Structure formats: structure tokens, C-alpha cells
Amino acid sequence: MRIAMVGTGYVGLVSGACFSEFGTEVVCIDKDAAKIKRLEAGEIPIFEPGLEVLVANNRAAGRLTFTTDLQSAVAEADAVFIAVGTPTGRTGGEADLTYVYDAVREVAAALNGYTVVINKSTVPVGTGRAVERLIRETNPVAEFDVVSNPEFLREGAAINDFMRPDRVIIGAETDRAREVMRALYRPLYLIETPILFTTLETAELTKYAGNAFLAMKITFINEIADLCERVGADVHDVARGIGLDGRIGRKFLHPGPGYGGSCFPKDTLALVHTAQKAGTPVRIIETVIDINDKRKRAMAARIVEACGGSVNGKTVAILGVTFKPNTDDMRDAPSLQIVPALIGAGAKVRAFDPEGMAQAESLLPGVSWCKNAYEAMTGADAVAILTEWNEFRGLDVDRIKSIMKAPVMVDLRNVYNPTDMLAAGFDYSSVGRPLSLPDA
């Protein structure tokens, strides 16, 4: 079987590489000739652990190729995946489907024989039907089926998520299309992965509902963290206590400065827009979005408070600017609100991130970028941890104290133990935890 993957962004490149690892012949397509040239040279345009090796191995085996020639690639394919961006539109929060529909028109014109056209991009309910109509309008004699197969890849763990997923959702409505999809995912049947066949609309909504629920869990534990600070409770113990309930689960109960990234912000907005358009608003998710936006701004205020109520003329070290560790993705990262707020309040910001500085430089003007965490903290009046990269978990506390102007740490990811930091002489604050254990 031969796959054409339209789009070599995060989803397209990871999915294409992983399908080729399954033994399928995959050609990844992109209009950006420079990007294709880089990929052919073995240069991976995104940071994702394990992806560079996976691409290199499958290119060497002849199963994975890259091209700008969509027409030839699609004409020879049994299945075509649409894996292009669906950013938030300029008004109303709706998903912008321009790239999807442009790709579909080109694919439709190139179809040759029966082909399954698969939406891998995150798209609103009804997009699959619209794609079907668009293909028929563009190529009335085409023989095809449209399938919805949303991705559930976590940045930083995407390869494992593809190879050993919790589930695979497939919206397919003909036996012929279902058989093609079963053949594509046959390696996952062998490890008994749950594969759920649904209608197009159900698959499309499942993706949005899943991401919205996870965003809600993050927002919930963040609000519980605020309450913990007021009443002297420890949010991590609360999270463990409720997470042991099988109906709730342990994942996504980690307090912090708010969610970001390529999925949760735009997908919650798109779900709200879809629900409002359908006349059944999702008030919970509307509130989640509002709380999350306000939380990012509140984190900047927390850093200012730790500096005595003003950062004017002070130097603040920022450790981590990407929205999460193990990625260079800056999309909707909390740092994009926190850092400008600090600079606007008069702070001098020195920052370090293991992978995100190249992406962040143009997004965060006025920041002095450093070679490592210690350089960023040298001479600083305070340090704030925004992203929980592993290399920030074992920093030399004594060294930090000796190089900083003042031992002030704002740990927005709860990397360190409050009692230990207090004993080390730090003015330490974290999220949802008491500074010391209560007296017996």
C-alpha cells in the first residue's frame, strides 16, 4: 500500500515517518521546496525526540520519500492524508480551513483510481462532508471515499503516541474505506489497540471533545491550586487523592501557568464556535478559555509580587519559554504573555530554553538570551521557572544562590520542594503548595 501525506508539519511528518516504520510506502508532500530540500538532506525542521532517527532509517530503507510534486504522488497513492494546518481564524474563534480546502482541490484533480482521502488535520464537524462535495465538484468522475482520522499526538511523546496509542478513531462509512484503514493500522491490531469506527461527524467531534476535556482538567487543577494556597493544602496531594479515582484519572492534574501549545487553545475556541453555531453553547469550555487566559496574566503578577511588588529596573531570569518540555513549539506558550508583561513593568529579562530560543527570539523582543540556566541567573534579582525541562530539575541550589543578586525563585512548575528551598535560604514560591509542613 502507498500513502501520500499532504503537509510536512508536525502531524504530517510524524505520521508519515511512523506509517513508514510500519512498512508502508509513504511520500510526504509540501509546497515549500526549501523545506523538502532540508528534509531530503536529513534536516528535521521541528524538535521531536526520536524523529530524526526514525526519518533517517526509513529513508535509508526506501519507504519514506519527500516531494513537492503532489500530482504524481497522489496519482500513485491508495490513501491520501490531509495533514495541513487549521489555525484559528481572524474572527470568532472558528478554525481556518483555507489550507485544507486548497489541498483538497489539488488532491481531487490528481486522483487516479479508487482512493481514500483522509482528514488527519483537526477540523470542525461537517468538514468531511464539505470535503466530499468539493472533490465531486472538482473531479466528478473520481472514485473515492472520505475518512476522518484525527490525530492524538502529544508533542515530546508523539512517536510513542502513534506507535502505542490509547485508541484510534476512524470515521468511515463504506466497507471499502474501512478495509483500507484496517490495512493501514494492521500493526496496531496486533497489539490490541482499541480502534473505533464511527461516522465522519462523530470522529470530528471526538477530537475536539477530547482536547477540551483535557484543557478543562488542567484548568480545574489550577483553580484548586489557588484554593490550596489560601487554605494551606498541598495541590499535589489533592491531585493524587482524586487521581486515584478511576473515574477521574491521574493525568493532566499538574498545576502550572496555564495550558498552551498547538492544540488546546485553538481547539477549545473552535469547539465553542461550533457549539454556538449549532445553538448549543458549551458554557464550561467558554469558562475554561477565559480562566486560562487570565491565569497567564496572573502568573506575571505573581513574579512581580515575589520581587517586592515591583520589577522596575530589576533583572528577572526566565527558565523555559516553550509551552511544555521536549518541544521547540512556542504556540500560545504562557511565556508569550508573562515575559512581555514583565518587560512592560520595567524588568530586564534574561532567558534560557534548551530548544525554544530560535523560535522565541522574534516572538519575545527585548529578551537577553543566554547559553545556559546559570548564565541567565547570574546577577538576577529573581528567577522564574516557566517550563519543566529535565535539566532544570537538578540545578545546583548553592550555586544559584551565590550567583543571583537575591535568592528569589518563582517556581511555576513546582519543580523543587518548598521546604528544601526555604531551608536553603530562598524566598521561594510555587503553585498550590505550603512553604513548610504544618506542625504536628
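Of these, Pro150, Pro165, which one is under 20 Å from Thr24 (Cα atoms), in a loop (DSSP other than H, G, I, E, B), touching an Asp or Glu at 6+ places or on another chain (Cβ under 9 Å) and at pLDDT 95 or above?
None of the others qualify; the one that does is Pro150.
Could you please find all residues in the stretch 10-26 being outside any helix (DSSP H, G or I) and among the aliphatic types (A, V, I, L, M)?
Residue satisfying the conditions is Val26 alone.
Can you pull out the residues in the stretch 268-285 that are surrounded by fewer than 18 Cβ atoms within 10 Å (Cβ to Cβ) and assigned to a helix (DSSP H, G or I)?
Gln276, Lys277, Ala278, Arg283, Ile284
Being under 19 Å from Ser430 (Cα atoms) and either of a type outside the set (Val, Ile, Thr) or without any contact (Cβ under 8 Å) to a residue 24 or more places away in the chain (or both) narrows it down to one of Gly258, Gly243, so name that one.
It is Gly258.
Against the definition (small (Gly, Ala, Ser), within 23 Å of Leu412 (Cβ to Cβ) and exposed (fewer than 14 other Cβ atoms within 10 Å of the Cβ)), how does Gly241 come out, yes or no?
yes
Show the residue pairs meeting these rules: Cβ distance below 8 Å; 6+ apart or different chains; first residue within the stretch 62-74 and over 11 Å from Ile36 (Cβ atoms); second residue small (Gly, Ala, Ser) and in a loop (DSSP other than H, G, I, E, B).
These pairs meet every condition: Arg63/Gly23.
Can Ala380 be described as crowded, with 22+ Cβ neighbours inside 10 Å and either within 19 Å of Lys314 (Cβ to Cβ) or among the β-branched types (Val, Ile, Thr) (or both)?
Taking the combined requirement at face value, the residue satisfies it.
Could you go through the stretch 125-144 and let me know if any residue there is assigned to a loop (DSSP other than H, G, I, E, B), in contact with a Pro (Cβ under 9 Å, 6 or more places away or on another chain) and of a type outside the set (Asp, Glu).
no
Before we move on, is Ala17 outside the structural domain of Ala360 (by TED's automatic domain parsing) and more than 22 Å from Ser262 (Cβ to Cβ)?
Considered against the rule, which asks whether it is outside the structural domain of Ala360 (by TED's automatic domain parsing) and more than 22 Å from Ser262 (Cβ to Cβ), Ala17 comes out as no.
Quick grid of which residues meet (1) of a type in the set (S, T, N, Q); (2) free of Cβ contacts under 8 Å to residues at least 40 places away in the same chain; (3) surrounded by 15 or more Cβ atoms within 10 Å (Cβ to Cβ):
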{"site": "Val84", "(1), (2), (3)": "no, no, yes"}
{"site": "Gly92", "(1), (2), (3)": "no, no, no"}
{"site": "Leu97", "(1), (2), (3)": "no, yes, yes"}
{"site": "Ala103", "(1), (2), (3)": "no, no, yes"}
{"site": "Val107", "(1), (2), (3)": "no, no, yes"}
{"site": "Pro124", "(1), (2), (3)": "no, no, yes"}
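For residues that are within 20 Å of Tyr99 (Cα to Cα) and charged (D, E, K, R), scanning just the stretch 12-53, find the one that is surrounded by the fewest Cβ atoms within 10 Å (Cβ to Cβ).
Within the stretch 12-53, the match that is surrounded by the fewest Cβ atoms within 10 Å (Cβ to Cβ) is Asp32.
Could you check how many residues of the stretch 77-119 are in contact with a helix residue (DSSP H, G or I) (Cβ under 6 Å, 6 or more places away or on another chain) and assigned to a loop (DSSP other than H, G, I, E, B)?
Residues that pass the stated criteria total 7.
Pick out the one residue from Glu155, Glu204 that is in the same structural domain as Val55 (by TED's automatic domain parsing) and out of contact with any Leu (no Cβ under 6 Å at 6 or more places or on another chain).
Only one candidate passes the filter, namely Glu155.
Looking at Glu192, Glu201, Glu132, which is the one that is exposed (fewer than 15 other Cβ atoms within 10 Å of the Cβ) and over 30 Å from Gly256 (Cβ atoms)?
Glu192
Got a sec? Which of Glu388, Glu375 is within 26 Å of Met330 (Cβ to Cβ) and in a helix (DSSP H, G or I)?
Step by step, each of Glu388, Glu375 is checked, and only Glu375 is within 26 Å of Met330 (Cβ to Cβ) and in a helix (DSSP H, G or I).
Quick one: count up the residues across the stretch 136-171 that are of a type in the set (Val, Ile, Thr) and touching a strand residue (DSSP E or B) at 6+ places or on another chain (Cβ under 6 Å).
5
The values are calculated or read from the model by the stated rules, or taken from the named source; none is laboratory data. If you're wondering where the values come from, they're calculated on a predicted model, not measured in any experiment. Here the Cβ is made from the backbone with ideal geometry for all residues, glycine too, and neighbour counts use every protein chain on show.
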